[in-house]
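Okay, structure first, notes after.
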Amino acid sequence: MIRVAAVGDVHVGADSVGRVRPHLEQVAGEADLLLLAGDLTRVGEPEEAAVLVEELRGADVPVVAVLGNHDYHAGQEQVVAGMLEDGGVRVLEGEGVVVETRSGPVGVAGAKGFGGGFAGACGSDFGEPLMKAFVRHTRAVADGLEKALAGLAADVRIALLHYAPTETTLQGERLEIYPFLGSYLLGEAVDRAGASVVLHGHAHAGTEKGFTPGGIPVRNVAQPVLRRPYNVYCFTAGGETGCDGASRA
């Protein structure tokens, strides 16, 4: 059995020194791998990334991450990603990686994702150039995610996103903002490629558990939803075992 710890939306700032590390020091005793589902910083400043890198040194397990919209705000997303990579965190954007954990290999395909809405209430690539660009960007991200997932040679395959691939984990959010929280295109990509689970963040007022239209489990791991430092999910070759666990911190 492989145990995966996951959390998103930690929003580390320059004043967050010592806030995250004490909780992460027990990850190695509870999980084989730590996944971070975006919005790792408050506004994407390199100073914030530097704090996060130091805080993550306490994890003592492999760490894989995607960025979120907050991490793009300052226009320094490449710098932030580079600092995390230099600190030992694998940052994915339309890529996949097979992580060799102590309990076996885990395939992770990651992308930030983007908005657009869900079936019956979604944008389309029609009309003004800006609207076409909006939807086409989401479609391109979804296509990259699908290819990355399909290319993973592992029994346990995880799609790691920031934006939601389904509205089922958005329950509790205002309906008016669903198009800015995710896109059905991401869910369709996962259903075509297949995955053990999808992990995402971004929806602070959403709910933890849902499914893609094709029935693949989705978990909203935004920290305001979990209300704890991270959750632990357990997997075998057959998929998620249902042994959801929480940090004891």
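Key figures
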{"read-out": "Filter result (without any contact (Cβ under 8 Å) to a residue 60 or more places away in the chain and either surrounded by 18 or more Cβ atoms within 10 Å (Cβ to Cβ) or touching a strand residue (DSSP E or B) at 6+ places or on another chain (Cβ under 8 Å) (or both)) within the stretch 116-133", "value": "GLY123"}
{"read-out": "From the options LEU185, LEU226, residue that is crowded, with 18+ Cβ neighbours inside 10 Å, modelled with pLDDT of 95 or more, out of contact with any Phe, Trp or Tyr (no Cβ under 8 Å at 6 or more places or on another chain) and within 21 Å of LEU24 (Cβ to Cβ)", "value": "LEU226"}
{"read-out": "Residue check, VAL190 closer than 15 Å to VAL4 by Cβ, crowded, with 19+ Cβ neighbours inside 10 Å, modelled with pLDDT of 95 or more and out of contact with any Asp or Glu (no Cβ under 7 Å at 6 or more places or on another chain)", "value": "no"}
{"read-out": "Segments classed as strands (runs of 3 or more DSSP E), wholly inside the stretch 161-222, with at least 1 members that are on the phi > 0 side of the Ramachandran plot, hydroxyl-bearing (Ser, Thr, Tyr) and out of contact with any helix residue (DSSP H, G or I) (no Cβ under 8 Å at 6 or more places or on another chain)", "value": "none"}
{"read-out": "Criterion: surrounded by 12 or more Cβ atoms within 10 Å (Cβ to Cβ), in contact (Cβ under 8 Å) with a residue 12 or more places away in the chain and not in a loop (DSSP other than H, G, I, E, B) - qualifying residue of ALA154, ALA148, ALA140", "value": "ALA148"}
{"read-out": "Top-ranked residue of the stretch 81-115 - restricted to ones that are in contact (Cβ under 8 Å) with a residue 60 or more places away in the chain and in a loop (DSSP other than H, G, I, E, B), ranked as surrounded by the most Cβ atoms within 10 Å (Cβ to Cβ)", "value": "GLY113"}
{"read-out": "Residue in the stretch 21-28 that is in contact with a Gly (Cβ under 7 Å, 6 or more places away or on another chain), assigned to a helix (DSSP H, G or I) and either closer than 20 Å to ALA195 by Cα or of a type in the set (Lys, Arg) (or both) present", "value": "yes"}
{"read-out": "Scope the stretch 94-119; condition out of contact with any helix residue (DSSP H, G or I) (no Cβ under 8 Å at 6 or more places or on another chain) and of a type in the set (D, E, K, R); matching residues", "value": "GLU100, ARG102"}
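The values are calculated or read from the model by the stated rules, or taken from the named source; none is laboratory data. For clarity, every value in this text was computed on a predicted model and none was experimentally measured. Note that each Cβ is placed from the backbone with ideal geometry, even for glycine, and that neighbours are counted across all protein chains shown.
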